[in-house]
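S.K.: Mind having a look at this structure? Questions to follow.
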Amino acid sequence: MSESNVTESEIRDAIAGIPDPEIGRSLGELDMIKKIMVESSGQVQIEIELPTPAYPNHERISEAIQKTLSEKSLGNVSVLFSSDVKGKNTGGGIGLKVKNIIAVGSGKGGVGKSTVAASLAYGLNSMGCKVGLLDADVYGPSIPHMVGATEKPSAIEETSASGETITRVQPIDAHGVKVISMGFFIDSDQAVIWRGPLLHRAITQFLKETNWGELDYLIIDMPPGTGDVCLTLSQSVGLAGAVVVCTPQQVALLDAIKAISMFNQVNIPVLGIVENMTGEIFGRGGAKKKAEELGLPFLGEIPIEANIRIQGDAGKIADLFKEDSPARPYLIDVTQRIAMQIAKELLETPSMPTLEIL
Ligand code: ADP
């Protein structure tokens, strides 16, 4: 067949069965073939829509397409990529337009949970996602400091569809990420005792009354080890899942197991474990081994590195994603693994039973 006679449907038929290298279902089943354009010269342009911009090594898809089409002599092809973040959209009940809500938790403080939460937010943001960061670590709200958000959020008034005036809090835009934290509302030396109902009210207000707008991902930095905020989240919004952060040594892993069982108890799916502060001091690989033992995904490791602390202290977590930052490849890897874990859980199995099964 002469290449210029190739039709769009021939191309579609030829590539629809190619398996997606991450999710394992075909490009056709996953509805990833967004557009096929055949030019009169025989040049073919294919647009592939990824389920998240955090998709790793998407060149694998173009290589597979090119190989398949060249084997069938079906034209000269160039593959373009776009993305549309897939999500559970669980916040609709309380008016949130957020595709994926991700909790970042740990069994105890000091393991780098807030650092990982902020890094995840900036990692996703650096890939082009719309991201919010909710600091629910009311016992030690460190996010404003880490992301360099010093001003106080302002209140804005909106008129609802039914004509009521609603007051909302405008989150702080910190280098492109929308941030809200209890740290904005209390003095840093003010001790606050949070009892369950008060905590529940504060978190619900943060979720409902913040002007988040449309987000692809809302990252929640959880308080370490406590169950109250988990319960509130599972009751009010439902989550894409929780990421558990721990350091590699055995004692820290025991705490991580407690965090996992707490999420399990309130039916929040655990996306997996991130090992932070990997290196000479705490060792390496403990979290990966533990994840395997527990049958949970391992979501990457982040080395212990002075620059991570220095940038966190300086309010410049976003700078960890600069090209020359040594932490960048690790943080990108963790970001991609987390986003893909959510995409996999959503897309690995067909959402509707097929006719043959019925
Ligand atoms: P948590 O939220 O678990 O209490 P933080 O994120 O506040 O922990 O981190 C505790 C301290 O450790 C902070 O000073 C932070 O900058 C530092 N830190 C976190 N991760 C790393 C890392 N990978 N390398 C070096 N320092 C780190």
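Every read-out reported here was derived from the displayed coordinates using simple, explicitly stated rules and does not represent laboratory data. For clarity, every value in this text was computed on a predicted model and none was experimentally measured. Positions of Cβ are backbone-derived with ideal geometry, glycine not excepted, and every protein chain shown enters the neighbour counts.
S.K.: Which percent of Cα pairs goes in each bin when the distances of the chain are cut into 20 angstrom slices starting at zero?
M.R.: 28, 52, 19, 1
S.K.: Specify whether the C-alpha gyration tensor of region 142-205 places it in the rounded, prolate or oblate class, a ≥ b ≥ c being the square roots of the eigenvalues: rounded for a/c under 1.5, otherwise prolate if a/b is larger than b/c and oblate if not.
M.R.: Details: a/c = 2.51, a/b = 1.26, b/c = 1.99.
It is oblate, given that a/c is not under 1.5 and a/b is not larger than b/c.
S.K.: Counting only DSSP beta bridges with both residues in region 92-347, tell me the antiparallel percent, nearest 5.
M.R.: 25 percent
S.K.: Further question on the same structure: Among the aspartates and glutamates, which have Cα under 16 Å from the Cα of K289 when same-chain residues fewer than 8 positions away are ignored?
M.R.: K289 reaches D255, E275, E301.
S.K.: Please list the helices of the chain that count as membrane-span-like by this rule: a mean Kyte-Doolittle hydropathy of at least -0.5 together with Cα atoms stretching 24 Å or more along the helix axis, each helix being a complete DSSP H run. Write out the running numbers ahead of the final one.
M.R.: Working: long enough: 328-347 (28 Å, 0.20).
Answer set is 328-347.
S.K.: Using DSSP to define loop residues, name the trypsin sites (Lys or Arg not before Pro) in region 152-238 whose beta-carbon has at most 11 other beta-carbon atoms within 10 Å.
M.R.: Answer in residue order: R195.
S.K.: Here is a follow-up. What residues have an amide H closer than 5 Å to that of L80, excluding those fewer than 5 places away on the same chain, when H is modeled at 1.01 Å from N in the peptide plane?
M.R.: Placed amide hydrogens put I46, E47, I48 under 5 Å from L80.
S.K.: So which of K208/K290; K258/K316; K99/K290; K130/K322; K290/K344; K34/K88 end up more than 25 Å apart by C-alpha?
M.R.: The pairs that break the limit, which is 25 Å between Cα atoms, are K208/K290; K258/K316; K99/K290.
S.K.: Another question about this same structure. Taking neighbour Cβ counts within 10 Å as the exposure measure, how do T90, T150 sort from fewest upward?
M.R.: Result, fewest neighbours first: T150, T90.
S.K.: As a footprinting exposure proxy, order I172, I310, I18 by other Cβ within 10 Å, with the fewest listed first.
M.R.: Ranked by crowding around the Cβ, least crowded first: I310, I18, I172.
S.K.: So how do W194, W212 line up by other beta-carbon neighbours within 10 Å, fewest first?
M.R.: Numbers: W194 17, W212 23.
Starting with the residue having the fewest Cβ neighbours, the order is W194, W212.
S.K.: Please list, in chain and number order, the residues 5+ apart from V274 or on another chain whose amide H is under 5 Å from its amide H, with Hs placed from the backbone.
M.R.: Those lying under 5 Å, H to H, from V274 are V244, V245, C246, L299.
S.K.: Looking at region 252-299, which trypsin sites (Lys or Arg not before Pro) are DSSP coil and have at most 16 other C-beta atoms within 10 Å of their C-beta?
M.R.: R284
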